[in-house]
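The values are calculated or read from the model by the stated rules, or taken from the named source; none is laboratory data. Quantities reported herein were computed from a predicted structural model and do not represent experimental measurements. For neighbour counting, all protein chains shown are included, and Cβ atoms are generated from backbone atoms with ideal geometry for every residue, glycine included.
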Amino acid sequence: MRYPSVLVTDFDGTLTTHDYYKLVRDRLVPDDTPDYWALYRNGQLSHFEALRAYFAAARPDEATHLALVDSMEIDPNLAASVAALNDQGWKVVVVSSGCQWYIDRLLRQAGVNLEVHANPGALEAGRLAMHWPTDTLYPSKQTGVEKSAVVRAFLEEGRTVAYAGDGSTDVEPSLLVPADRRFARADLADGLREHGESFRPFERWSEVAHALLASTGESS
């Protein structure tokens with residue numbers, strides 16, 4: 001097995017500083033748009049439906065959409081961190097409840113090629129159209145892609161798995177790995193505290209890579 005260990009990582013707010021949907025909501029969505037996130041929190045919309053609704057409500061402006069992707073601030077040390085992890089037997093896999101369109105764009109810009117599990121989509125008539133995934137091995141009616149199923153698949157292969165995330169949809173998958181390989185910030189950190197679960201805090205994704213590399217060095 002080339003990679004006996006796998007770091008499963010969220011994308012928006014984890015590999016990047018900003019969430020794409022929040023940038024769209026703040027820059028392109030009219031002020032009188034319903035609070036779709038509150039509807040999601042209240043159980044009236046799925047996570048997927050809330051994101052898609054914001055994208056659909058945005059003003060059609062392809063140039064601004066592209067600029068917003070570039071302003072998500074992906075970790076500048078991503079390529080070096082991924083290479084170092086690979087050298088130590090760690091594969092990096094992205095799992096996201098967002099859209100693969102902007103994930104692929106940012107990963108290309110960063111010069112890395114990672115396995116990605118996310119919802120398909122594209123710019124259509126100046127707006128981001130996000131679609132239900134039809135060929136994923138890990139379907140979810142709530143988020144499109146079930147992050148926990150991805151983690152379980154690697155665990156069932158007998159691999160060492162770590163998880164990094166920042167959102168409410170990261171709580172369940174993060175609890176599948178030991179606390180010393182569970183990295184959290186923002187809403188994920190709050191959710192784990194509410195569950196009385198420990199974790200390793202981080203601000204930039206490259207800190208996660210550094211911690212795993214240090215642990216690998218100690219155990220070798």
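Which members of segment 114-146 meet the condition of being among the aliphatic types (A, V, I, L, M), within 16 Å of the chain's Cα centre (by Cα) and not in a strand (DSSP E or B)?
LEU114
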| note | Scanning segment 23-78 for residues that are acidic (Asp, Glu) and part of a loop (DSSP other than H, G, I, E, B) gives ASP31, ASP32, ASP35, ASP61, GLU73, ASP75
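Just wondering, is there one or more residues in segment 79-91 that are closer than 29 Å to LEU28 by Cβ, modelled with pLDDT of 95 or more and among the hydrophobic types (A, V, I, L, M, F, W, C)? Before the answer, list the steps.
The first filter runs over segment 79-91 and keeps only residues closer than 29 Å to LEU28 by Cβ, leaving none.
No; the residues of segment 79-91 include none that is closer than 29 Å to LEU28 by Cβ, modelled with pLDDT of 95 or more and among the hydrophobic types (A, V, I, L, M, F, W, C).
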| task | Only residues that are surrounded by fewer than 22 Cβ atoms within 10 Å (Cβ to Cβ) and of a type in the set (A, V, I, L, M): list them for segment 25-57, please. | result | LEU28, VAL29, ALA38, LEU39, LEU45, ALA50, ALA53, ALA56, ALA57
| Is it true that some residue in segment 158-167 is in contact (Cβ under 8 Å) with a residue 60 or more places away in the chain, buried (at least 22 other Cβ atoms within 10 Å of the Cβ) and more than 17 Å from TRP90 (Cβ to Cβ)? | yes
| query | In segment 201-220, what residues are under 20 Å from VAL150 (Cβ atoms) and out of contact with any helix residue (DSSP H, G or I) (no Cβ under 6 Å at 6 or more places or on another chain)? | reply | TRP205, VAL208, LEU212
| Within segment 151-167, which residues are charged (D, E, K, R) and either under 24 Å from THR16 (Cα atoms) or in a helix (DSSP H, G or I) (or both)? | ARG152, GLU156, ASP166
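Residue-wise test of (1) under 19 Å from SER96 (Cβ atoms); (2) of a type outside the set (A, V, I, L, M, F, W, C); (3) in a loop (DSSP other than H, G, I, E, B); (4) more than 19 Å from the chain's Cα centre (by Cα).
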{"residue": "SER148", "(1), (2), (3), (4)": "yes, yes, no, no"}
{"residue": "GLU172", "(1), (2), (3), (4)": "yes, yes, no, no"}
{"residue": "LEU176", "(1), (2), (3), (4)": "yes, no, yes, no"}
{"residue": "VAL208", "(1), (2), (3), (4)": "yes, no, no, no"}
